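Structure first, commentary second.
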Amino acid sequence: MGFMGAKLFPSCESMCVCCPALRPSSRRPVKRYKKLLAEIFPKTPEGPPNERKIMKLCEYAAKNPLRIPKIAKFLEQRSRKELRAAHLNYVKIITEAYSKLLFICKEQMAYFAISLVNVLTDLLESKQEDIHILGCQTFARFIYSQVDNTYARNIESLAHKVCTLSRQQGVEHSLLRAASLQCLSAMIWFMKEHSYIFADFDEMVQSVLENYRMDGTAGGDDDRHASQHNWVDEIVRREGRAGLGGGNDVNFCSATTTRLRSARDSSALTREERESPEVWSHICVQKLAELAKESTTMRRILDPMFSYFDMKKQWAPRHGLALLVMSDMSYLEKSSGNEQLILTAVIRHLDHKNILHCPQTKSDIIQTATSLARQLRSRGVAPELAVTGDLCRHLRKTLEAMESASVQELSLNESLQNFLEGCLVEVVRGVKDVRPLYDMMAITLENLPSIPAVARATIGSSLILCHIISLTSVSSDAPMVFPEALLQQILRSMVHPDADTRVGAHHIFSAVIVRGPSHQRGDSEYLFATKKCQSRSPSVFASATALLEKLRREKECLGSDKPGHMMHDDGKERNTHEEDNKHVWARKSPAYFSKLVFSFVDRWATLASSAEETKIVLLTEDQTNQLLSAFWIQANQTDNTPFNYEAIGHSYSLTVLSSRLKNSSNSNNIQFFQLPLSLRSIALTPSAGLPPSCQRSIFSLATSMLAFAGKVCHIVELAELLRCFTSSNIDSYLRIGEDLQLYVRLQSDLGSYGSESDQDIARSVLSDCRKKVGINDHRVLDVIACALSNLTEMDKDALAKELTEMFTPEEVPLFGSNSVLDWANFHAQAFSDESLSFDEVCHLHQMILIAQILLGVGTCKSLQYCNVPSCTVRCHL
């Protein structure tokens, strides 16, 4: 209108001097915000920004909030214009203006937030890397300025683009990756503060892991791990601690203890740190740890991490990323008390479908879990009980798979077994109260299946756990009374249909009742060694002998009238036993559990040698009666192998030792001798209904029991009377050692046990034994009765009469709510009568009959209906 007023309406211009529309535009006042917006830009694209004018613009906006939408619209339009023109300097000024608005006009953010989001979208979609960096930094400032989740959807919409930028490869893109990771750390902070999880959370976690160690070369990783190895070795040396394992693979677990990163303050970073993608990835992991406030959130965070480790093969402790990340996460979670959840999640990842059939990956995961368990133990954090249960379950699966694996698979599964054992050692060492572990084993054995392979694997995993508890809880507050629930299930397992499983149950009993380094067994426990491996450890009965000598000394201090020459003989016997313990037996037993236990003990010899002392758990009177009844039932089973008799003899000896240390009742002392005398009577009865080979083995078992019980009760003359049986080669498959324990002759052909030729030899041997026993049988009974009379203060004749009676097992269910009949019924359901041979049918009926005798439900009349030859024996008993 100024031009029109000057040319067309000159009179109007001179007359209407007050009309603003008729003035020239140069004479009208310009809006102040427009003037301020124009002043923030330099006159040339390369000129420096005017910080003072930017602050004036923001202060003006704070005082005039209604002008903010127009200011934001102008900045948004100018941003698009400068992006098209590729004027980076102008774009920086625009982003700086938005950053100042976020700081000064925080309460008026609603007026310009959407405009800023549009600008950020344009910046992130640009093709210039410098623009991307600028957009990520501005985006991070926008996120940190949020006070609620109003713009959560807008922020979430840009997460995928930021993740894409963070995965740019190459050193030349390190600044871009650092900026994008800075933005991701802001997003994680936003999710923590406002309890909001983005849809692209998995991609965000994987982007963080991509940069966690991207700057390190392979050589640098090797050097770093080598330095960590030397550091750990130096710490171990200075603390005087021995290593944990005997194999290289197991020892490596201790060498993979990584450095623990402390929490970083992102506002106190140096310039080099701000430009490092690795530093920002560590900050992201730190914020992820802060985000995991509960178990559900922890699982949500760990799942994408585990998927990334599976996909990228990052579980290997030496070169992988998993141990580094999990160690840092565990260390950062110490303030929240959720660090044990990380170990639990790592163990449970073994069941994931991605690695279900990959033993090597499972081995790597177990090594990582072992290091985490060691870190938790060093900080005094007890792992969850479920971790031990999951490890035992995987150990059972591994043992089961090894029975039918190929040569290559066998090697992988053996390695996996070793690592599982190592992880169990670290986890159990962190457990202060082992009683829940015994309860867990009782529940496992309660559901023991009848399938031999599965049952052996289940027993094997429980056996290894028992040994670990024994070796690691000697100095702890472990209960010194045998766990009742576990004993009930062990007794039930001792009458399992599978002979090897019954042996395993005895192994578990031995591992629980004796705690300490004595579980490294030599000749005194049924272990084997290959041609390359030999037992390097003393006998479990070395400790037992020491306890026995303690009893003798106590008896002597109480005024024993023991002759001097007998004490001299005792010292000579101790020296002989010590020399026998030094002797190394190379054993080649095919027994499943002997092999399993020896391999474990051989690998963890150093840990066992560090144990302080050996302790024997005490048995109650009822528990002792139940054990003796179980021994009677097992000894009379026709499918026993020499290893079964060896196991029964060993468990009997430990039962006697435990009861004598407790000063058990008179009835127990009598039963200790009544049981072997009754077994010897069964063995020498021609019409007992048992195979001659079994009778011969029972006779060797009974002789060993009598001799050992006499030694514990200080009946020296009994050992002399039985010397003709203990020192002779009556049984070509079993022998009685210097410690009066029963051992399998491993050099014999165990495959021919029970054959026709063996039966003929057994008949001849039993005939000779009947003649020898008949000569000194009365003297043996008199010596035992006399000694028990002094011990129990009972009448000698009454004791002699009671000893001549047949041993009677308890008539109450030994195995809790599930009676011993359950095994027979379960076995009968698993195998139909059509699939069983005649011998198997006889064995099945015999188990039912034994159970009926034990529970008192069988009668002579009912037994007559069965054609099994052993029925006459059971009726006679």
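Which entries in the list 56/81; 34/70; 73/127; 293/432; 56/92 go over 20 Å, if you measure between the two C-alpha atoms of each?
Correct reply: 56/81; 73/127; 293/432.
Using only the Cα atoms of region 79-154, build the gyration tensor, take square roots of its eigenvalues as a ≥ b ≥ c, and label the shape rounded, prolate or oblate: rounded if a/c is under 1.5, else prolate if a/b is larger than b/c, else oblate.
prolate
Can you give me the relative contact order of region 619-815 as a percent, contacts being Cα pairs under 8 Å and 6 or more apart?
27 percent
Toward the positive end of the charge dipole of region 625-762, about the Cα centre and with charges on Cβ (Lys, Arg +1; Asp, Glu -1), which of 741, 656, 632 goes farthest?
Result: 656.
Please report, in debye to the nearest 20, how large the charge dipole of region 38-123 is about its Cα centre when each Lys and Arg carries +1 at its beta carbon and each Asp and Glu carries -1 there.
Computed charge dipole of region 38-123: roughly 240 debye.
Where nothing but the Cβ of Lys and Arg (+1) and of Asp and Glu (-1) is charged, how large is the charge dipole of region 619-815 around its Cα centre, in debye to the nearest 20?
About 400 debye.
Sequence-distant or interchain residues sharing an amide H contact under 5 Å with residue 734, placed H: which?
Correct list: 745.
Step through the residues of region 728-739 one at a time and calculate ³J(HN,Hα) from phi using the Karplus curve (6.51 cos²θ - 1.76 cosθ + 1.60, θ = phi - 60°), rounding each to whole Hz and writing x for Gly and Pro.
These are the phi-based 3J(HN,Hα) values: 9, 9, 5, 10, 7, 10, 10, 9, 10, x, 5, 8 Hz.
Compare the peptides 355-364, 762-771 by average per-residue count of other Cβ atoms within 10 angstrom and give them in order, highest first.
355-364, 762-771
Step through the residues of region 747-753 one at a time and calculate ³J(HN,Hα) from phi using the Karplus curve (6.51 cos²θ - 1.76 cosθ + 1.60, θ = phi - 60°), rounding each to whole Hz and writing x for Gly and Pro.
These are the phi-based 3J(HN,Hα) values: 7, 7, 8, 5, x, 8, 5 Hz.
Let me know the charge dipole size of region 279-362 about its Cα centre in debye, to the nearest 20, where only the beta-carbon of Lys, Arg (+1) and Asp, Glu (-1) is charged.
It comes to approximately 220 debye.
Probe 1.4 Å, all protein chains in place: accessible area of residue 60 in Å², nearest 10?
Its heavy atoms expose roughly 30 Å² to the probe.
With a/c under 1.5 counting as rounded, go ahead and sort region 619-815 into rounded, prolate or oblate using the C-alpha gyration tensor (a ≥ b ≥ c being the square roots of the eigenvalues; past the cut-off, prolate if a/b is larger than b/c, else oblate).
Prolate.
Please list 3J(HN,Hα) in residue order for region 168-173, calculated via the Karplus relation 6.51 cos²θ - 1.76 cosθ + 1.60 where θ = phi - 60°; whole Hz, with x for glycine and proline.
Those phi angles translate into 5, 8, x, 5, 5, 9 Hz.
How many angstrom lie between the Cα centre of region 393-452 and the Cα centre of region 613-645?
What the calculation gives is 24 Å, centre to centre.
Rounded, prolate or oblate: which fits region 345-414, taking a ≥ b ≥ c as square roots of the Cα gyration tensor eigenvalues, rounded meaning a/c under 1.5, else prolate when a/b beats b/c?
Prolate is the answer for region 345-414, as a/c is 1.5 or above and a/b outweighs b/c.
The values are calculated or read from the model by the stated rules, or taken from the named source; none is laboratory data. Note that the structure is a prediction, hence the values are computed from the model and not measured. In this analysis, Cβ positions are derived from the backbone assuming ideal geometry, glycine residues included, and neighbour counts consider all displayed protein chains. We work out accessible area using only protein heavy atoms, side chains counted, and drop any ligands, DNA or RNA first. Shrake-Rupley method; radii C 1.70, N 1.55, O 1.52, S 1.80 Å.
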